[in-house]
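Novice: Before anything else, here's the structure in question.
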Amino acid sequence: MPQPDVLLEVKGLKTHFFLDEGVVRAVDGVNLTLPRGKTVCVVGESGCGKSMTARSVLGLIEPPGKVVDGNIWWSPSVDRAPAAMTGNGAPIDLAALDRRSERLRQIRGKDIAMIFQEPMASLSPMYTVGDQLTETIRLHLPMNKREARDHGVSLLRRVGIPRPEQRMDAYPWQLSGGMCQRVMIAIALSCGPSLLIADEPTTALDVTTQARIIDLLAQLQADTGMSMMFITHDLGVVAEIADEVIVMYLGTVVEQGSVDQIFHNPKHPYTRALLASIPTMGRGARKRLPTIRGQVPPPLNRPPGCPYHPRCDLAVAGLCDTADPPTVEFSDGHRTRCVLHDPQTLREHEERMVRTAQEDT
Amino acid sequence: MTEQTTVTDDPARLDQDTLLRVENVSMDFPIRSRGLFSRTTGHVHAVNDVSLEIRSGEVLGLVGESGCGKTTLGRCIVGTNAPTGGSILYRKDTGDVVDLAAMSKKDRSAYQSEIRVVFQDPFTSLNPRMTILQIVGDPLKNFASLGRSEIEDRVAHMLQRVGLSPTHMHRYPHAFSGGERQRVNIARALVAEPRLVIADEAVSALDVSVRAQILNLLRDLQDEFNLTYLFISHDLSVVENICDRVAVMYLGKIVEIAETDDLYSAPRHPYTEALLAAVPKADPRLRGTGRRVRLSDEFPDPSNPPSGCFFHTRCSYADDDRCAHERPLLRTVAGVQQAACHYADELDLAGVGTEAGQVEP
């Protein structure tokens, strides 16, 4: 059972894609917790399963993909959850719900909202901003057309769109990328969600626009007290907005901790390497960057044991390449999935190595 | 060769260490009305009277928001766009100076192997129906003297240099990851031994760990082949890492150009300051420090640019008098930097080094 201050707890989530060539284990045993009222950033390179984790939460996995195992415990605060729906506000397992079920539909878009990477592509060019905004509002809230439109105008104003009354009748292609993303955010916020999932919301935008969208999201999060799951590959954005950080690699969470722990005391070799390989402004021109050798393995051909061991400089032969790494939790809540922080397993491995060496002689 | 038809300019027009000089180059695209009798109703001034020089052996960065004309300027230099005005002076390895903009297409083709491009998107810039050998060997076909086996040798050598195995040269692009495809792209650009390489957002589509590898590779190849780069990017932290000098573009004009360290530590144009301030700081302990400069999302219409200084509509320092009416020229400020701002001498602008504290390594 999740803790009371936890809004969403994902336990052992596995989302697999069944292709002709084999099974792609896009999400392979993800454990994570989203505290209430906090911003959690999920970082990782493309193909690490960060988007698929978010889509699994919302039940948006399309065939040939399928959530094959695990639980997604959703515990909305008692005052928000209609008793008839949740049974006295007890946590619901979203993974157990059918992705087309009425229950999941009521949660998706209302309690959990999502914004996507490509604002231009996520809005339909055939309908006005107002049409798309009021559709969500009228679907989830008991409002008539007039009330929904007024609510929509106030939402557009809130996300910083100038002249919102006129913009309600504009088509998405008449707006810039930054404006479209603001419309997306307005749609996501329209029903007052408890959780906003933002999947690379600023990646397609200019730096100047990105800075303003991040300011806006941080402001809205502080005002409404909603939780935010912010998916990105940009560690600069993480440093700006996150309370907690989850680092993913090849479908598993390798580290979770507070933003300060991750940036100033990273435990997992992958997190350390990732932080070292980003160019940081102010370091001066023409500095060589440390790199991670090799590349992310192809999804159909995952290495056994710790998925990171072929690229890890600290990998222990005979241990990292055979056994799944243990999850180590430190006293300050910082968690990492690496055998190097598990002295007992390391000691046992060494003893075993000594023993086999003695037997050989 | 078609030497007699080539426009040869006075070599004294270029400094001895200048490889290429763009002089008052403009690129206008007509806007046509729809319908059977389409008429030109206006022009988009994508590049507007730009002058800039690229010195031999340097990496010149070109930054700005999307739509500022940086890619168009690059395309004018390569020859994919014929500029509507101005000249592009290029120093041949013999020391002679030619004007690429005044040449016919046929004459220009002689320089195609000397100025090459690395494109942004590794997934769309390689023909899926050609093998790596065909893709990388394609530029060599211009040299009629090279036989099949010689081309294969050259391609094999080049693939090795960019970190790919020559045994893979008969494979098709789909068999390679994003980072590997970008290496193929680089191999194709370098195989004909160019002197100037235009890298147009060459690392923007890559993951963090691969990006560091490619940046280091570009630098190694520069040393080995004595290359000059024009590095077009919107990512200011990457630009700082690789460039010797940086030019900032806004609405088709260069607004500032300086040595990288000077530009980042003491920008002289308000637009540069705003760009630098928009880059997220990759350290959570620096959150909220430094000067907060935010630009509005309202990017002016490039077919109808504002009067006076193009930037005055978004500039927080602009006055209604001089900035709104008088167009600032690019001029030398503080001895070394060039900026196009009336108040470049007086404004106290914040750079990266001038913010609180240095980032921990």
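Novice: Per-residue mean of other chain beta-carbon atoms within 10 angstrom of the beta-carbon, peptide A:232-244?
Specialist: Values: counts 1, 2, 4, 4, 7, 2, 3, 9, 9, 3, 2, 1, 0.
Taking all residues of A:232-244 together, the mean is 4.
Novice: Across bins of 10 angstrom width beginning at 0, how are the C-alpha pair distances of region A:226-361 distributed, in whole percent?
Specialist: Final binned percentages: 10, 35, 33, 16, 4, 1, 0.
Novice: Give the lysines reachable from A:LYS50 as a straight Cα distance under 16 Å; neighbours fewer than 8 places away on the same chain don't count.
Specialist: A:LYS11, A:LYS14, A:LYS66
Novice: Compute the long axis of helix A:145-158 from its Cα atoms, compare it with the longest principal axis of the Cα atoms of chain A, and write down the angle in degrees, 0 to 90, nearest 10.
Specialist: 50
Novice: A follow-up question, please. Calculate log10 I(q)/I(0) of region B:164-226 for q = 0.21, 0.26, 0.29 Å⁻¹, where I(q) comes from the Debye formula with a single equal point scatterer on each Cα and nothing for solvent.
Specialist: Each listed q maps to, in turn, -0.93, -1.29, -1.40.
Novice: What is the diffusion coefficient of region A:264-341 in µm²/s, taking the Kirkwood radius over Cα pairs and the Stokes-Einstein relation at 25 °C with a viscosity of 0.890 mPa s? Intermediate values should be presented prior to the final figure.
Specialist: Details: Rh = 14.3 Å.
Answer, rounded: 172 µm²/s.
Novice: For chain A, what's the relative contact order in percent, using C-alpha pairs closer than 8 Å and at least 6 residues apart? If you can, show how the numbers build up before the last one.
Specialist: Details: 629 pairs, mean separation 67.2, N = 361.
Reported relative contact order: 19 percent.
Novice: Right, another one. Considering the alpha-carbon set of region A:102-166 alone, what are its Rg and its Dmax in angstrom?
Specialist: 12.6, 37
Novice: Quick one: helix B:148-161 against the long Cα principal axis of chain B, what's the angle to the nearest 10°, folded into 0 to 90?
Specialist: 40
Novice: Moving to a separate point now. Remind me, what semi-axes does chain A give for its equivalent ellipsoid, largest first in whole Å, using sqrt of 5 times each Cα gyration tensor eigenvalue? The partial results should precede the final answer.
Specialist: Values: eigenvalues 318, 114, 67 Å².
Square roots of five times the eigenvalues give 40, 24, 18 Å.
Novice: Under 8 Å for C-alpha pairs, at least 6 residues apart: give me the relative contact order for region B:267-339, rounded to a whole percent.
Specialist: Working: 61 pairs, mean separation 20.8, N = 73.
Dividing the mean separation by the residue count of region B:267-339 yields 28 percent.
Novice: How big is D, in µm² s⁻¹, for region B:47-195 by Stokes-Einstein at 4 °C and 1.567 mPa s if Rh is the Kirkwood radius over C-alpha pairs? Mind dumping the intermediate values first?
Specialist: On the way: Rh = 17.0 Å.
D, rounded to a whole number, is 76 µm²/s.
Novice: Can I ask one more? Evaluated at 20 °C with a viscosity of 1.002 mPa s, what Stokes-Einstein diffusion coefficient in µm²/s does chain B have when Rh comes from the Kirkwood expression over alpha-carbon pairs?
Specialist: Values: Rh = 22.0 Å.
Answer from the Stokes-Einstein relation: 97 µm²/s.
Novice: Here's another thing I want to ask about it. May I ask you to sort A:CYS338, B:CYS309 by Cβ crowding, counting other Cβ atoms within 10 Å and putting the fewest first? Could you put the intermediate results ahead of the total?
Specialist: Details: A:CYS338 23, B:CYS309 26.
Fewest-to-most Cβ neighbours within 10 Å comes out as A:CYS338, B:CYS309.
Novice: Let me ask something additional. Using all Cα-Cα distances in the protein assembly as shown, what percent lands in each 20 angstrom bin from 0 up to the longest?
Specialist: 15, 45, 33, 6, 0
Novice: Given that compact globular proteins tend to follow 2.2 N^0.38 Å, what is the ratio of the alpha-carbon Rg of region A:107-259 to that value? Mind dumping the intermediate values first?
Specialist: On the way: Rg = 15.6 Å, N = 153, 2.2 N^0.38 = 14.9 Å.
The reported ratio for this selection is 1.05.
Novice: Let me ask something else about it. Averaged over A:264-276, how many beta carbons belonging to a partner chain fall within 10 Å of each residue's beta carbon?
Specialist: On the way: counts 4, 0, 0, 0, 0, 0, 1, 0, 0, 3, 4, 3, 3.
Averaged over the peptide's residues, the number is 1.
Novice: Report the Rg/Rh value for region B:115-227, based on alpha-carbon coordinates and the Kirkwood definition of Rh. Before the final figure, lay out the partial values.
Specialist: Details: Rg = 13.0 Å, Rh = 14.0 Å.
Using Cα coordinates only, the ratio equals 0.93.
Novice: Evaluate the Kirkwood expression for the hydrodynamic radius of region B:267-339, namely the inverse of the mean inverse distance over all pairs of different C-alpha atoms, and round to one decimal in Å.
Specialist: Details: mean 1/r = 0.0708 Å⁻¹.
The answer is 14.1 Å.
Novice: A follow-up question, please. Could you please report the charge total around A:PRO164, scoring K, R as +1 and D, E as -1 over all other residues with beta-carbon less than 13 angstrom from its beta-carbon? Let's see the in-between values first.
Specialist: Working: positive: A:ARG149, A:ARG157, A:ARG158, A:ARG163, A:ARG167, A:ARG182; negative: A:ASP150, A:GLU165, A:ASP169.
Net charge around A:PRO164: +3.
Read-outs throughout are calculated quantities, based only on the coordinates presented, and are distinct from any laboratory measurement. From a predicted model like this one, the values you see are computed outputs, not experimental measurements. So basically every Cβ, Gly included, is an ideal-geometry build from the backbone, and we count neighbours across all protein chains shown.
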